[in-house]
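Below is one structure, written out as structure tokens; the observations come after it.
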Amino acid sequence: MRVDALDQKELLELDPAGGLIHFAGQRALIIDAVAQGLLRKELIDTLGVRVAQGILSRFGYVHGRRMAEAMRTQFKWDSEDDWRRAGARIYALQGLFMLEPGEPEGGTWRVSYEAEQHILHLGLADYPVCWTLSGLVSGYLSFATGSEVYALEDRCMGKGDTACHVTIKPIDQWGKDVGDRLSVFKREGLDSALEDVARALKRTERMLLERTRKLAQVAAVEEDPAGIVARSPEMRRVMTLAATIAKVDSTVLVTGESGTGKERVARFVHDHSARADGPFVAVNCGAISETLLESELFGHARGAFTGATSDRPGLFEAANGGTLFLDEVGEISPAMQVKLLRALQEREVRRVGENKSRPFNARILTATNKDLLAEVAGKRFRDDLYYRLKVMELAVPPLRDRKEDLLPLARILLAEATLRMKRAVAGLTGPVADRLLGYRWPGNVRELANVMERAAAVATGDRVDLEDLPPEVRSAAPAAPPGTVRPLSAIERDYILSILEAKGGNRKQAAKSLKIGIATLQRKLKSYAAPPSSPSRPTPE
């Protein structure tokens, strides 16, 4: 076959009934060009230009090699040269671009969908943007010639040139000055770009920490050096110990009720350790089934189970040089406990479906909201694993035991919610502060964050008032000033009045919640000299 004999009738096979399209004998897809452009924008916005270029160039390169292989096997060519030149014709038939050869080392292409979409979604660039197309040409010719051939743009419509021009040379003719540009076609180049992303994420984490400090300033809260509110003696002791523990490389068990901020404390340990520049990999062991958790932690070999189409490292290996945080470690099954214990003792893991062990170099931090000693006593958790995990322990106190931290935390969380929602809510009224201090906070900091978000959303004034709080918080007895002992009768009075307020003034419902008779409630309210109901709006009973 000759190159000029190629046409879509020869290449395209449609099977509408079966939902299949074949091009050059291979299953193909018709994808909207604008969707490709939106994907490009998402990649650049999320990962940056270099990583986006690496991903799209690598995709194009693999696509090009695949197309060259298909063209070689599907047709009988008059000459090897016809097969090599068929790539340009194929890409024109696919609507990707129109190459105008005529140069021994390259050519000009027009109607580039990539340049068109880049301009549409991102505007003119300062650099060539036809990354996928350069990859296609490079991959096709590399397979066709049996040696590494790469195409690089020196002019591009995506940066304002009248046409896109590409230069094509074998790798040994490019010279060392373009080595970095060629690396985008290779896997190792993409890995390097992803390392840049990891460093960028580190910078983002530092920016988020700075944002938290600015939120503290907006909320008129004294800045914490650790980025964690720790005014209470209990929390200060935890953070002082955490700073000390961070300097050594031992395993740490972080304990505390759900929502107390155990992962924040674990991140603090990582960020103040010698491994701070490495990854912090977190996994919730209670949210993953046993079989999937083993694959997630230890990795798997290709063919180890249905769907394992390639070798995959686990989180132990992914955390090399950094920290692996196993949250809710008390939820793992007895069989998984044995495997975890072996990995911690031997400092090596064995991927599912493999016989060889692989060493890992990661610090292990774990957390649980369970009483692991009780679990050990009940034979639900291995004692040897417990002592292996609890080389050092950080017990995070519940929010109800951190009264000094509660209001600063509430103000920071409120400031964060108001900034996110673009609301003008500046602070808390006195009665709200009293209710927050009097509430028990069974959901700890997580519940406080939800309450402040709700308050920011429903507040009608410039400060959060009682009616902006959920009923369970609104009905809490106001806290007494520090250092004072309140009479029992005063506590009872405040509690009854708060329940009545939470029930909207409905005395019958308030009496039911208090588990007293309506007559008893009426008598108590009278003794409190409660104001009479308005004649125009009688109190419901």
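The values are calculated or read from the model by the stated rules, or taken from the named source; none is laboratory data. Everything numeric in this text was worked out from a predicted model, so none of it was measured. A quick note on method: Cβ atoms are made from the backbone with ideal geometry, for glycine too, and the neighbour counts reach across all protein chains shown. The protein model used for the area step is the full one, side chains on, heavy atoms only, and it has no ligands, DNA or RNA in it. Shrake-Rupley method; radii C 1.70, N 1.55, O 1.52, S 1.80 Å.
Looking at region 371-405 only, could you name the residues that are open to solvent by 50 Å² or more (accessible area, probe 1.4 Å), more than 22 Å from VAL281 (Cβ to Cβ) and either among the basic types (Lys, Arg) or in a loop (DSSP other than H, G, I, E, B) (or both)? I'd like the intermediate steps shown before the answer.
Here is the first cut: in region 371-405, the ones open to solvent by 50 Å² or more (accessible area, probe 1.4 Å) are 371, 373, 377, 379-380, 382-384, 387-388, 390-393, 395, 400-401, 403-404.
Those still in the list that are more than 22 Å from VAL281 (Cβ to Cβ) too: 371, 373, 377, 379-380, 382-384, 387, 395, 400-401, 403-404.
Correct list: ASP371, LYS379, ARG380, ARG382, ARG400, LYS403.
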Apart from one, (1) under 30 Å from ALA449 (Cα atoms); (2) open to solvent by 70 Å² or more (accessible area, probe 1.4 Å); (3) not β-branched (Val, Ile, Thr) all hold for LYS247; the odd one out is (1)
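Condition check: more than 28 Å from THR244 (Cβ to Cβ), surrounded by 18 or more Cβ atoms within 10 Å (Cβ to Cβ) and at pLDDT below 60. Does ALA193 satisfy that? Break it down into steps so the answer makes sense when it comes.
Working: more than 28 Å from THR244 (Cβ to Cβ): yes; surrounded by 18 or more Cβ atoms within 10 Å (Cβ to Cβ): yes; at pLDDT below 60: yes.
For ALA193, the condition - more than 28 Å from THR244 (Cβ to Cβ), surrounded by 18 or more Cβ atoms within 10 Å (Cβ to Cβ) and at pLDDT below 60 - is met.
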Would you check if there is a residue in region 328-348 being part of a strand (DSSP E or B), among the hydrophobic types (A, V, I, L, M, F, W, C) and either modelled with pLDDT of 90 or more or at negative phi (or both)?
no
query: Do we find that PHE325 is hydrophobic (A, V, I, L, M, F, W, C), at pLDDT 90 or above, part of a helix (DSSP H, G or I) and under 26 Å from the mean Cα position of the chain (by Cα) in this structure?
result: no
In region 267-278, residues that are open to solvent by 40 Å² or more (accessible area, probe 1.4 Å) and closer than 19 Å to LEU253 by Cα total 4
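Yes or no, residue by residue, for (1) of a type outside the set (Val, Ile, Thr); (2) in contact with a Gly (Cβ under 9 Å, 6 or more places away or on another chain):
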{"residue": "LYS339", "(1), (2)": "yes, no"}
{"residue": "ALA343", "(1), (2)": "yes, no"}
{"residue": "ARG347", "(1), (2)": "yes, no"}
{"residue": "GLY353", "(1), (2)": "yes, yes"}
{"residue": "ARG363", "(1), (2)": "yes, yes"}
{"residue": "ARG380", "(1), (2)": "yes, yes"}
{"residue": "LEU399", "(1), (2)": "yes, yes"}
{"residue": "ILE412", "(1), (2)": "no, no"}
VAL254 meets each of (1) closer than 26 Å to ARG402 by Cα; (2) open to solvent by 10 Å² or more (accessible area, probe 1.4 Å) with one exception, condition (2)
GLY314 meets each of (1) buried (at least 22 other Cβ atoms within 10 Å of the Cβ); (2) touching a helix residue (DSSP H, G or I) at 6+ places or on another chain (Cβ under 9 Å); (3) within 30 Å of ALA230 (Cα to Cα) with one exception, condition (3)
The residue from ALA287, ALA304 that alone is touching a Gly at 6+ places or on another chain (Cβ under 6 Å) and modelled with pLDDT under 90 is ALA304
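For region 415-436, which positions are under 23 Å from the mean Cα position of the chain (by Cα) and under 16 Å from VAL458 (Cβ atoms)? So that I can check it myself, show each step before the final result.
As a first pass, look at region 415-436 and keep what is under 23 Å from the mean Cα position of the chain (by Cα): 415-421.
Within region 415-436, ALA417, THR418, ARG420, MET421 qualify.
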Across (1) closer than 19 Å to CYS164 by Cα; (2) surrounded by 16 or more Cβ atoms within 10 Å (Cβ to Cβ); (3) modelled with pLDDT under 65; (4) not basic (Lys, Arg), GLY60 clears everything bar (3)
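Considering only residues that are basic (Lys, Arg) and open to solvent by 80 Å² or more (accessible area, probe 1.4 Å), look in region 504-523 and name the one that is farthest from the chain's Cα centre (by Cα).
ARG523
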Subset of region 321-347, residues under 17 Å from ASP277 (Cα atoms) and either out of contact with any strand residue (DSSP E or B) (no Cβ under 9 Å at 6 or more places or on another chain) or of a type in the set (D, E, K, R) (or both), comes to GLY321
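Evaluate the following for THR132: is it of a type in the set (Val, Ile, Thr) and at pLDDT below 85? Steps first, please.
Numbers: of a type in the set (Val, Ile, Thr): yes; at pLDDT below 85: no.
The answer is no for THR132.
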Given (1) over 19 Å from LYS262 (Cα atoms); (2) open to solvent by less than 20 Å² (accessible area, probe 1.4 Å); (3) not in a helix (DSSP H, G or I), LEU414 misses just (3)
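Taking GLN94 as the residue in question, decide whether it is out of contact with any His (no Cβ under 8 Å at 6 or more places or on another chain), of a type in the set (S, T, N, Q) and at pLDDT 70 or above.
Working: out of contact with any His (no Cβ under 8 Å at 6 or more places or on another chain): yes; of a type in the set (S, T, N, Q): yes; at pLDDT 70 or above: no.
Against the criterion (out of contact with any His (no Cβ under 8 Å at 6 or more places or on another chain), of a type in the set (S, T, N, Q) and at pLDDT 70 or above), GLN94 does not qualify.
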